[in-house]
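What follows is a short report on a single structure.
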Amino acid sequence: MSAASGTKAIIAALGANLGIAATKFGAFVLTGSSAMLAESIHSVADSGNQALLLIGGKRARRAATKQHPFGYGRERYFYAFIVSILLFSVGGLFALYEGIHKVQERHSIEKWQWVPITVLLIATILESFSFRTAIHESNPIRGKATWAQFVRHSRVPELPVVLLEDFAALVGLVLALLGVVLTLITGDGIYDGIATVGIGLLLVAVAVLLAIETKSLLIGESATDEHLRAIEAALVDGSTIDRIIHMKTLHLGPEELLVAVKVGVPKNATAADIAAAIDGAEQRVRSAVPIARVIYIEPDIFRPAPQSEPTDRSIPASRPS
């Protein structure tokens, strides 16, 4: 993923949510609808979340230091995790509280009845624009994966976060519109409260999903299967490097991959042969997987372990790529 793709989607979402938050809050002041208040807080939380993602992206670009020799790429994962916590607390829990309160103390919408419907329709149009931008920016990176696979396995945090936030926002707008319309038709504020509870449950579910995914990235995830296959194929040259004894990879950030590998070399290979082979292997790996920026290759003579002992994963030169 290019940083520009994520930034464009974030800025589009931020602009839409700021405008939506202002109109929703104005509608709440005029009508007293709890669904409108919940949606206002939801949009304010989303705006803050997008600002946090932009901050995380900027801080992640700092150069490596002596204290942090692998750089600050994981800051993007940290700020995405903070976003999930804010979405859960500021968005979801507040909406649940407000909805339950509204169900207990029913109040119909008695003035400015046309305002919430108009605002929600406008908000749906703006949110759809933001969602469309996120989809457009995600498609080149998603490839042939399903949307669920993209969100579940993506090593970048920004686009899945924006996609889920925008999706939750659109569903929330539908719930709010349904609650407001039923309240206006029946004169019973319970529908407004039920819609608000539904919005809260939706936000909590999305926040939990985001927290699970970003926690996994914070702990450290390996390269994707596609990148692993490309690295394995690039490492083995069939002459000096004849197999991969074992290999470990780790994402230092969305666009930076660490590769640590032990390779098998012939017993009669000279130091010069091995050095040249390692240099060539590094060049091939970086060409095949440009985000593999930190590469450690250790040469060794492959010695199969006895059958009774566990063995390292060995990838011979004949392994199909």
Quiz prompt | Selection within the range 26-49 - hydroxyl-bearing (S, T, Y) and modelled with pLDDT under 75 | solution = S33, S34
Quiz item: among the β-branched types (V, I, T), assigned by TED's automatic domain parsing to the domain that holds A12 and not in a helix (DSSP H, G or I): does that describe V156?
Solution: yes
Quiz prompt | Hey, L126 closer than 25 Å to E213 by Cα, modelled with pLDDT under 85 and in a helix (DSSP H, G or I) or not | solution = no
Self-check item: Within the range 270-306, considering residues that are among the charged types (D, E, K, R) and in a strand (DSSP E or B), the one surrounded by the fewest Cβ atoms within 10 Å (Cβ to Cβ)
Solution: E298
Quiz prompt | Single residue of the range 307-321 satisfying the filter (among the small types (G, A, S), within 23 Å of E226 (Cβ to Cβ) and surrounded by fewer than 13 Cβ atoms within 10 Å (Cβ to Cβ)) that is modelled with the highest pLDDT | solution = S318
Exercise. Identify all residues within the range 160-218 that are part of a helix (DSSP H, G or I), farther than 16 Å from L93 by Cβ and small (G, A, S); write none if there are none.
Key: A169, A176, G179, A195, S216
Exercise. Determine which member of the set I291, I278 is closer than 30 Å to V151 by Cβ and outside the structural domain of L86 (by TED's automatic domain parsing).
Key: I291
Quiz item: In the range 115-140, which residue that is touching a helix residue (DSSP H, G or I) at 6+ places or on another chain (Cβ under 6 Å) and of a type in the set (D, E, K, R) is nearest to F28 (Cα to Cα)?
Solution: E127
Quiz item: Any idea which of G193, G198 is surrounded by 23 or more Cβ atoms within 10 Å (Cβ to Cβ), more than 23 Å from L257 (Cα to Cα), more than 16 Å from the chain's Cα centre (by Cα) and not aliphatic (A, V, I, L, M)?
Solution: G193
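The values are calculated or read from the model by the stated rules, or taken from the named source; none is laboratory data. Keep in mind the model is a prediction, meaning the values are calculated, not measured. Neighbour counts run over all protein chains shown; Cβ positions are idealised from the backbone, glycine included.
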